[in-house]
Amino acid sequence: MHHFQPKDGLLYAEDVPVTELVERFGSPLYVYSAATFRRHFQQFDSAFADLDHMVCFSVKANGNVHVLKMLAEQGAGMDIVSGGELHRALAAGVEPKKIVYSGVGKTEAEIRYAVEQDILMFNVESLPELEEIERVAGALGRKAGVSLRINPDVDPKTHPYISTGMKNNKFGLEMGQALEGYRLAQRMEHVEPIGVDCHIGSQLTTIEPFMEALDKVLDFEKNLRAEGIGLRYIDLGGGLGITYNEEAPPHPKEFGAAIVGRLKNEGLKLILEPGRVISGNAGVLLTKVTYVKKTPFKNFIIVDAAMNDLVRPSLYQSYHRITPARQSDRPEIVVDVVGPICESGDFLAKERSLPEVEAGEILAVFSAGAYGFTMSSNYNARLRAAEVIVDGDKTILARRRETYEDLVRGEL
């Protein structure tokens, strides 16, 4: 359920017509629904109410500080993968002890920043990283909480670019290495092993891969306990999918019931790192039609949004539903919806049946609240879009549109 619905033939974001938003803030434009964010977070969080748990929103999905602050006010922690995301989380007022730090390439400077801020724990992805955390924490006279990321070699049956838990992926440690890592961490002076971590991929549409990975991690944790290494946290990552087209992922309640049933007697606090399932359908990308181009072979709708604004269709061949902001009984034609970037891969949809539109109309690209703006760029020296949050009948300019001056601001 999301709060982007038509009223009297015109698409609204909660109580505001999207055409009004484009008139005020320009195009292309990211629009987020505050009510949808809150609803999705509460649905996900409440699914684990019978278990000691913490939901850490994945900042890489949507890092706007206003969004992070709104989720933190609902009780969310944050899952980060860079020093920049740590800065964003802190700027949003997130408590450091509600922050977990994932990612394979943490630098010395990033580790130092996180240790100084006293975050809850690092999800460690290699033995050299563990040694670096020990060294940096020792130099600061601190002790860092760590959780080693287990690679359970589970096929998540998702796009290969967003599969993260198989043995040929760059993420995590296989079981033998992980056991060696925990033994090493137990001997270290400035590292404390407090959790175990697992993340197998993104946009999963069945529960079975989660449960297979959970069983493997729990078996591993029992082996650690037998060696006298007691942990307090189990981090199952994120990855629960959403409906873009015809996918039918499990509802958070179903997902929660399965996980809670398996963990309720284990004595571990559960950490979850959802991103897309919270933010994906809480945002749309609005774009204006620039030209309608018809050739003897193909029909094109050329819009002012491009692959630099929303790269998922080009990168993953992902489907995003697209509709005109103004509904009408117009005949449909098969079109490619393309942007102005000088790449044949610059498209938002291919071979899509859409109502005939005219130049100047607004199209809404749905399910753009996750991995939309966060993956955007200035390719072709294009200005990145503005971001707006709608809360009932109120609007917040959460990020202003870039200017040409912004493009060269850092260049000497």
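The values are calculated or read from the model by the stated rules, or taken from the named source; none is laboratory data. As the structure is a prediction and not an experimental result, all values here were calculated from the model. Glycine gets a Cβ as well: all are built from the backbone with ideal geometry, and neighbour counts include every protein chain shown.
So which pairs qualify, if the first residue must be in the stretch 344-360 and over 12 Å from residue 302 (Cβ atoms) and without any contact (Cβ under 8 Å) to a residue 40 or more places away in the chain, the second must be among the polar types (S, T, N, Q) and surrounded by fewer than 18 Cβ atoms within 10 Å (Cβ to Cβ), the Cβ gap must be under 7 Å, and the two must be at least 6 apart or on different chains?
Short answer, once both residue conditions are applied: 355/328.
Collect the residues in the stretch 282-318 that are within 19 Å of the chain's Cα centre (by Cα) and surrounded by fewer than 24 Cβ atoms within 10 Å (Cβ to Cβ), keeping them in residue-number order.
Once the filter is applied, which keeps residues that are within 19 Å of the chain's Cα centre (by Cα) and surrounded by fewer than 24 Cβ atoms within 10 Å (Cβ to Cβ), the stretch 282-318 yields 311, 312, 313, 314, 315, 316, 317, 318.
Just name the residue that is farthest from residue 189 (Cα to Cα) out of those in the stretch 98-113 that are buried (at least 23 other Cβ atoms within 10 Å of the Cβ) and of a type outside the set (Ser, Thr, Tyr).
Ranking the candidates gives 99 first.
Does residue 357 satisfy the criteria of being among the aliphatic types (A, V, I, L, M) and surrounded by 13 or more Cβ atoms within 10 Å (Cβ to Cβ)?
Yes: the conditions hold for residue 357.
Residue 341 fails exactly one of the following numbered conditions: (1) buried (at least 19 other Cβ atoms within 10 Å of the Cβ); (2) more than 26 Å from residue 81 (Cβ to Cβ). What is the number of that condition?
It fails just one condition, (1).
Residues 174, 180, 208, 212: which one is more than 25 Å from residue 278 (Cβ to Cβ), of a type in the set (D, E, K, R) and within 28 Å of the chain's Cα centre (by Cα)?
After applying the criteria, what remains is 174.
Which one of 163, 147 is among the hydroxyl-bearing types (Ser, Thr, Tyr), surrounded by 24 or more Cβ atoms within 10 Å (Cβ to Cβ) and either at pLDDT 90 or above or assigned by TED's automatic domain parsing to the domain that holds residue 80 (or both)?
147
Just give me the residues in the stretch 84-95 being at positive phi and assigned to a helix (DSSP H, G or I), in sequence order.
None; the set is empty.
Which residue out of 85, 129, 116, 73 is modelled with pLDDT of 95 or more, surrounded by fewer than 24 Cβ atoms within 10 Å (Cβ to Cβ) and under 23 Å from residue 180 (Cα atoms)?
Of the residues listed, the single one that is modelled with pLDDT of 95 or more, surrounded by fewer than 24 Cβ atoms within 10 Å (Cβ to Cβ) and under 23 Å from residue 180 (Cα atoms) is 129.
Of all residues being among the β-branched types (Val, Ile, Thr) and more than 13 Å from residue 195 (Cβ to Cβ) in the stretch 258-274, which is surrounded by the fewest Cβ atoms within 10 Å (Cβ to Cβ)? Just the residue, please.
Here the answer is 260.
So which helices (runs of 4 or more DSSP H) stay within the stretch 1-77 end to end and still have 2 or more residues that are among the acidic types (Asp, Glu)?
Fully inside the stretch 1-77 and qualifying: 18-25.
Give me the residue from the stretch 96-145 that is touching a helix residue (DSSP H, G or I) at 6+ places or on another chain (Cβ under 7 Å) and in a loop (DSSP other than H, G, I, E, B) and, out of that set, nearest to residue 54 (Cα to Cα).
By that ranking, first place goes to 120.
In the stretch 279-293, what residues are touching a Ser or Thr at 6+ places or on another chain (Cβ under 7 Å) and of a type outside the set (A, V, I, L, M)?
Scanning the stretch 279-293 gives 280, 281, 287, 288.
I need the full set of residues from the stretch 357-412 which are among the hydroxyl-bearing types (Ser, Thr, Tyr) and in contact with an Asp or Glu (Cβ under 8 Å, 6 or more places away or on another chain), in order please.
376
Could you check how many residues of the stretch 189-224 are within 26 Å of residue 245 (Cα to Cα) and charged (D, E, K, R)?
The total comes to 1.
Would you be able to say whether some residue in the stretch 340-347 is of a type in the set (D, E, K, R), within 23 Å of the chain's Cα centre (by Cα) and closer than 22 Å to residue 279 by Cβ?
no
Got a number for residues in the stretch 195-215 being more than 13 Å from residue 259 (Cα to Cα) and either crowded, with 18+ Cβ neighbours inside 10 Å or not assigned by TED's automatic domain parsing to the domain that holds residue 256 (or both)?
So the answer is 10.
Out of the stretch 221-239, which residues are free of Cβ contacts under 8 Å to residues at least 40 places away in the same chain and assigned to a strand (DSSP E or B)?
Correct list: 234 only.
Could you tell me which residue of the stretch 323-343 is nearest to residue 366 (Cα to Cα), considering only residues that are of a type in the set (Asp, Glu) and touching a residue at least 24 places away in the same chain (Cβ under 8 Å)?
Here the residue is 336.
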